[in-house]
Amino acid sequence: MKVGIITFHQAINYGAVLQTYALCKALEKLGVQAEIINYRSQKLESDYKLVQTSDGVRAMLRTLFTAPLFQQKKRKFQSFEKQYLPVSAPAYTTAQLQKLASTYDYVITGSDQVWNWQITQQDMRYLLDFVAPEKRISYAASFGRAELPEALRGQYQELLSNYAALSVREVQGQKILRELLGCEAEVTLDPTLLLKQEDWQNLLQHRDEKKYIVIYNVRMAPKLIDMAKKLQRETGLEIINLNPRARAVYGNRVGYCADPADFVYYLLQAEYVLTTSFHGTIFAINFNKRFLVELDNAKDGGVNSRIESILKILGLEQRVVRDYRLEELYAPIDFTNANARLAVERARSRAFLERALMQHE
C-alpha cells in the first residue's frame with residue numbers, strides 16, 4: 001500500500017518537520033509506503049522568505065539582521081528533508097496534484113494546523129479537494145482556532161463530509177466537526193507522540209551526554225527567560241535557546257541554527273524545558289523532562305487548546321506556569337501515570353490509522 005501525505009513539510013519549523021517525519025515512520029511501522037506530497041504552497045513559501053517585507057519596516061530590518069543565520073538554518077532544514085523525508089516531485093497545480101493522488105491508495109492530510117485558514121489563506125488543497133472522496137483521510141488535523149468562520153462553513157462542510165476517515169488533534173476540532181457535520185471525529189495524538197524515545201534516538205549519532213536548560217518559545221516570553229537565567233545561576237547548566245529569530249530578540253544565541261535532529265538531541269539532553277510551544281511541550285513529555293509551558297493569554301483561547309488538550313489527556317495540567325517561580329519547575333511530575341495514559345492514547349491512535357487504511361481490503 002502506498003499513501004501520500006500533505007502537510008507543512010517545507011516549513012522552517014521544528015514541529016512541522018518532525019511531525020511529518022514521525023507520521024512517515026508510524027506508517028512504515030504499519031507496513032505502509034509513505035510519500036510526502038511536495039506541494040509548494042505560495043503562502044507558506046512566502047512565510048519563509050529570507051527577508052520579510054510585508055509586515056512593515058521594523059520587521060524587514062529585523063529579518064535583514066538575522067538573514068545570514070536564517071539562511072544557514074534553512075539550508076540545514078533542507079538537508080534534513082533530503083536525508084530523512086520521502087518527498088515526491090514538486091507539485092504546484094491542481095492537475096499535478098491530481099496526477100500524484102492517482103498513484104496512492106489513500107492521501108492523508110495532517111497533522112499540524114492544515115485546516116487553519118489563516119495559515120493557509122483558505123487553500124482548500126489541505127482539505128484534499130484534489131483527491132477522490134474514498135481516498136481522503138485526516139490524521140490529527142488541526143483547525144488551530146476555537147471556531148470556524150461563517151464564511152467558510154459551506155466549503156469546509158462540502159469537502160470534509162466526503163472523507164473516508166476523520167481524526168483531529170484537539171477536542172476543539174472534534175467540536176467543530178460535530179457542529180459542522182454531525183459526526184464524532186476521533187481525537188488522535190500528534191504524530192511525534194506515536195514514536196517512543198528510542199525511535200527518536202535513531203536520529204542521533206555520536207552525541208555527547210551534556211545536560212542543558214532548553215528554552216523553546218515561539219513568541220516573546222521574557223518571564224520564562226528570567227526563569228531560565230535564575231535556573232542557570234542555581235544549577236550551572238548551559239542555556240540552549242531554540243527560539244525563531246532568537247539572535248534579534250535575545251542577543252546571545254547558541255542553538256539558533258539547530259536542525260530538526262539537533263532539536264531532538266537538545267530536548268533529549270535537557271534537564272529542564274521552558275516553552276510556549278506545543279511541540280516543545282510534547283517532546284518534553286515524551287522524553288519525561290521537567291518542564292513548564294506558558295500559555296498565550298494575549299489571543300483568543302483557541303490558540304491554547306492543543307496544549308491544554310494534551311496536558312488534560314495526560315494528567316499534566318499543573319505544568320502550566322502560573323507564578324514564574326523555580327519551585328514550579330522543581331515540582332515532581334508523575335510520569336508513571338502520564339506514560340501509562342500516553343501508551344493508551346498511542347495504541348488508540350495507531351488503531352485509528354490501521355482502521356482507516358484497511359477499509360478497502
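The values are calculated or read from the model by the stated rules, or taken from the named source; none is laboratory data. What you see is a predicted model, and the numbers here were worked out from it, not measured in a lab. Neighbour counts are summed over all protein chains in view; Cβ atoms, including those assigned to glycine, are modelled from backbone coordinates with ideal geometry. Ligands, DNA and RNA are stripped out before the accessible areas are found, and what is left, the full protein with its side chains, is counted by its heavy atoms. Shrake-Rupley method; radii C 1.70, N 1.55, O 1.52, S 1.80 Å.
Provide the solvent-accessible area of Arg153, counting protein heavy atoms only and rolling a 1.4 Å probe, rounded to the nearest 10 Å².
Ignoring ligands and nucleic acids, Arg153 comes out at about 70 Å².
Relative contact order for the chain: what is it in percent, counting Cα pairs under 8 Å that are at least 6 residues apart? Don't skip to the end; give the middle numbers.
Details: 580 pairs, mean separation 58.7, N = 361.
That works out to 16 percent.
If contacts are Cα pairs under 8 angstrom and at least 6 residues apart, what is the relative contact order of segment 4-48 in percent? Please report the intermediate quantities before stating the final value.
On the way: 37 pairs, mean separation 23.1, N = 45.
RCO, segment 4-48: 51 percent.
Of the options Ala151, Tyr104, Pro222, report the single residue whose Cα projects farthest towards the positive end of the charge dipole of the chain (beta-carbon charges: Lys, Arg +1; Asp, Glu -1).
In the chain, that residue is Pro222.
Quick one: give the max-minus-min coordinate of the C-alpha atoms of segment 123-178 along each principal axis, largest first, in Å.
28, 23, 18
Calculated from DSSP H runs of 4 or more alone, at -39500 (n - 2.57) each and per residue, what is the 222 nm mean residue ellipticity of the chain, nearest 500?
Numbers: 15 runs with 160 residues, N = 361.
Mean residue ellipticity at 222 nm (helix-derived): -13500 deg cm²/dmol.
Among Gln122, Tyr265, Asn337, which residue has its Cα furthest toward the positive end of the charge dipole of the chain, with +1 on Lys/Arg Cβ and -1 on Asp/Glu Cβ?
Selected residue: Tyr265.
Beta carbons within 10 angstrom, averaged per residue: use that to sort the peptides 12-19, 176-183, 304-311, highest first. Numbers along the way, then the final one.
On the way: 12-19: 23.2, 176-183: 15.4, 304-311: 21.6.
Ranking the peptides 12-19, 176-183, 304-311 by packing returns 12-19, 304-311, 176-183.
Based on DSSP H assignment, which helices of the chain show an axial Cα extent of at least 27 Å together with a mean Kyte-Doolittle hydropathy greater than or equal to -1.0? List each step's numbers first, then the result.
On the way: long enough: 57-84 (37 Å, -0.69); 335-357 (32 Å, -0.26).
TM-like helix candidates: 57-84, 335-357.
Carbon and sulfur together cover what percent of the accessible area of the chain at a 1.4 Å probe radius?
Numbers: 7390 of 15660 Å².
Summing carbon and sulfur atoms, their accessible area is 47 percent of the total for the chain.
Find which of Ala298, Leu316, Ala351 sits farthest along the positive direction of the dipole of segment 290-361, computed with +1 on the beta-carbon of Lys and Arg, -1 on that of Asp and Glu, about the Cα centre.
Working it through, the farthest residue towards the positive pole turns out to be Ala351.
Quick check: convex hull over the Cα atoms of the chain, volume per residue in Å³, rounded to an integer? Mind showing how you got there, number by number?
On the way: hull volume 49.8 nm³, N = 361.
It is 138 Å³ per residue.
Whose amide H sits under 5 Å from the amide H of Ile333, counting only residues 5 or more places off or on another chain, with H placed in the peptide plane?
HN-HN under 5 Å from Ile333: empty list.
Find the relative contact order for segment 279-361 and round it to a whole percent, using C-alpha pairs within less than 8 Å whose residues are 6+ positions apart. Walk me through the numbers on the way to the answer.
Numbers: 44 pairs, mean separation 23.2, N = 83.
Worked out over segment 279-361, it gives 28 percent.
Which value, in debye to the nearest 20, gives the size of the charge dipole of the chain about its Cα centre, when Lys and Arg are +1 and Asp and Glu are -1 at the Cβ? Intermediate values should be presented prior to the final figure.
Details: 47 positive and 41 negative charges, 190 e Å.
Computed about the Cα centre, the dipole is about 920 debye.
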